[in-house]
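Q: Take a look at this one; I'll ask things after.
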Amino acid sequence: MVGSALRISHYFTVCHFDQREKSHKVIYSMNEFNPQIGFHSYYVYIITNKYRSTLYIGITNNLKLRLFQHKENIRLSNKTFASNYNLEFLVYYEKFVWVEDAIAREKELKKWRRDKKTELIKNFNPKFEFLNHHFEQL
């Protein structure tokens, strides 16, 4: 199920060897939570240029930072696909709990023709507005 908020079957086991006790500790937890970094969200996003002539589909666990990186790559003239076409304006995104679902969705969208991607964007964002400001305030 793509983008599901909860997937009970996605429990995993972390096995940790404790040197002091010479034993293995088994911890059961959900994929979503990592005690060292907390909860994650994953985003599949589409950015474009000011003319809306080129689209780029990407995946990240920090959309605010990723949008900043795209903008910086343009400013610094770094040679990336997104910077070569001045792609920095967010027009679409989906949020996922499971990275596997986000990766699968990114791969799916990248196979689509331009007209199907445009239809997806317009269903989500009818005026094809730039949405960066929603993430710059976080």
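Q: Out of (1) touching a residue at least 24 places away in the same chain (Cβ under 8 Å); (2) surrounded by fewer than 14 Cβ atoms within 10 Å (Cβ to Cβ), what's the single condition that is false for LYS107?
A: Of everything listed in (1) touching a residue at least 24 places away in the same chain (Cβ under 8 Å); (2) surrounded by fewer than 14 Cβ atoms within 10 Å (Cβ to Cβ), LYS107 misses just condition (1).
Q: Now, a different point. Select from the range 84-98 the residues that are in a strand (DSSP E or B), in contact (Cβ under 8 Å) with a residue 60 or more places away in the chain and of a type outside the set (Phe, Trp, Tyr) and list them in ascending order.
A: Passing the criteria: GLU94, LYS95.
Q: Would you mind stating whether TYR51 is in a strand (DSSP E or B) and modelled with pLDDT of 95 or more?
A: It is false that TYR51 is in a strand (DSSP E or B) and modelled with pLDDT of 95 or more.
Q: Output the number of residues of the range 73-94 satisfying the condition of being at pLDDT 95 or above, among the charged types (D, E, K, R) and either farther than 14 Å from LYS50 by Cα or surrounded by fewer than 18 Cβ atoms within 10 Å (Cβ to Cβ) (or both).
A: 1
Q: Just wondering, is there one or more residues in the range 91-111 that are under 12 Å from ILE46 (Cβ atoms) and touching a Leu at 6+ places or on another chain (Cβ under 6 Å)?
A: The answer is no, given that none of the residues of the range 91-111 is under 12 Å from ILE46 (Cβ atoms) and touching a Leu at 6+ places or on another chain (Cβ under 6 Å).
Q: On to the next question. Look at the range 99-138 and say how many of its residues are assigned to a loop (DSSP other than H, G, I, E, B) and either touching a strand residue (DSSP E or B) at 6+ places or on another chain (Cβ under 6 Å) or more than 17 Å from LEU65 (Cβ to Cβ) (or both).
A: Within the range 99-138, residues that are assigned to a loop (DSSP other than H, G, I, E, B) and either touching a strand residue (DSSP E or B) at 6+ places or on another chain (Cβ under 6 Å) or more than 17 Å from LEU65 (Cβ to Cβ) (or both) number 10.
Q: Quick one: is PHE33 under 19 Å from the mean Cα position of the chain (by Cα), crowded, with 18+ Cβ neighbours inside 10 Å and at pLDDT below 95?
A: no
The values are calculated or read from the model by the stated rules, or taken from the named source; none is laboratory data. Values in this document were obtained by computation on a predicted structure and should not be read as measured data. Positions of Cβ are generated from backbone atoms using ideal geometry, with glycine treated the same way; all protein chains shown enter the neighbour counts.
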